[in-house]
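J.: Following this message is one structure expressed as structure tokens.
The values are calculated or read from the model by the stated rules, or taken from the named source; none is laboratory data. Computed from a predicted structure; not experimentally measured. Here the Cβ is made from the backbone with ideal geometry for all residues, glycine too, and neighbour counts use every protein chain on show.
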């Protein structure tokens, strides 16, 4: 048995271009422990999300108050996300995660205690939501980049995909369990279960064999590390434009809660049951998308951009869905395309980044992906209220599609490519080709013209 770092973290015969089995990362003991611990915690997290929103609504009767709660959880990532990446590059990620999971568990238990005793008010929920947001600033980049430490670069895409499937599967279970608990015994039990659920990932982190982790070299404390990360991304167009695309899709495309509510109410004149069904259909598609992405050993950036374009086109089609059945059938496809884009963008950025910079780069990735929600959400919501649900969804979809096309053109320009549209037999289609591959020179007069290959 090898004693070097990362021993046992991936099969030696696997190359980055090989396809891997759907559950290939389960070969790694540390990842298996991490996966199942997170599965328990993710269910608790989804339970708390539903119960927390319901509690705020009960306390205030205001949808705006629910929006304030969400903003308090997302804004810290927008404001301080890059600093979390610096910490992830500087400190032991495993120890950081033990700390963040413990604090998140305490927030759940605190909310449970306040609710059980009947003293809870909306400001308690706001304060705890802000704490969760601040902890997420550190937890998110540390958790995202720790995946590479566990499985190495060869299985990174597979592991990122399985993590996404894990989270989306919990989305199918957690809200349903929370709904039953709220109706039967009250939301306090959902908070209690969430707080206790963090014991599972903490135990998993403590059980890991640290000798089998592929550790990136830690960045020593120094000045200008934040600017260094930004300069690194600025000098890498392949990273910069993918992150720009992630920002547009995250801000204008991932507002599912807003436009699903708008369609349920305005277009289909239905209630919470229909809203829950549409969410479940989308979550099911997301799980399938994550599992399919797990089989891909690697993918080019063009695949990520194409996934974004397909996602945007599906949103355009959904905005014009003539009836509920058509709209519902589109939900799994939208979930699949959206998750494919998210997984491939995340893993492509991580694989392409120097390990010493990975924490700062992935924190920028998450900052633009999540941090745009407080801006895109209200804008899409205003469009839906002012002009109808269909216009609200169409507006966000058109921005996403324009971003995908624009980023494709910029990456082609940076890569020295040009768009070729050919109608000749054997060469029909649209493709990006090297600029030096110019039009074929005309044949000399009298020369025989050979058929195209």
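J.: If you check residue 174 against the conditions, is it surrounded by 24 or more Cβ atoms within 10 Å (Cβ to Cβ), at pLDDT below 85 and either under 22 Å from residue 29 (Cα atoms) or touching a helix residue (DSSP H, G or I) at 6+ places or on another chain (Cβ under 8 Å) (or both)?
T.: yes
J.: Which pairs have Cβ atoms under 8 Å, sit 6 or more apart or on different chains, and link a residue in the stretch 235-257 that is on the phi > 0 side of the Ramachandran plot to one that is not in a helix (DSSP H, G or I)?
T.: none
J.: From 164, 148, grab the single residue that is buried (at least 24 other Cβ atoms within 10 Å of the Cβ) and either within 28 Å of residue 190 (Cβ to Cβ) or not assigned by TED's automatic domain parsing to the domain that holds residue 283 (or both).
T.: 148
J.: Also: Considering only residues that are surrounded by fewer than 23 Cβ atoms within 10 Å (Cβ to Cβ) and under 12 Å from residue 101 (Cβ atoms), which ones fall in the stretch 133-145?
T.: Residues satisfying the conditions are 135, 136, 139, 143.
J.: Here's a follow-up. Name the pairs: first residue in the stretch 176-190 and closer than 16 Å to residue 275 by Cα, second residue outside any helix (DSSP H, G or I), Cβ to Cβ under 9 Å, at least 6 apart or on different chains?
T.: What qualifies is 178/187.
J.: Among the numbered criteria (1) modelled with pLDDT under 85; (2) surrounded by fewer than 22 Cβ atoms within 10 Å (Cβ to Cβ); (3) farther than 28 Å from residue 258 by Cα, which one does residue 84 miss?
T.: (2)
Yes or no, residue by residue, for (1) at pLDDT 85 or above; (2) over 25 Å from residue 166 (Cα atoms); (3) not in a helix (DSSP H, G or I):
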site	(1), (2), (3)
34	yes, no, no
64	no, yes, no
102	yes, no, no
124	yes, yes, no
136	yes, no, no
139	yes, no, no
144	no, no, no
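J.: Also, I was wondering about something else. Within the stretch 396-418, track down each residue that is outside any helix (DSSP H, G or I) and modelled with pLDDT of 90 or more.
T.: Across the stretch 396-418, there are no qualifying residues.
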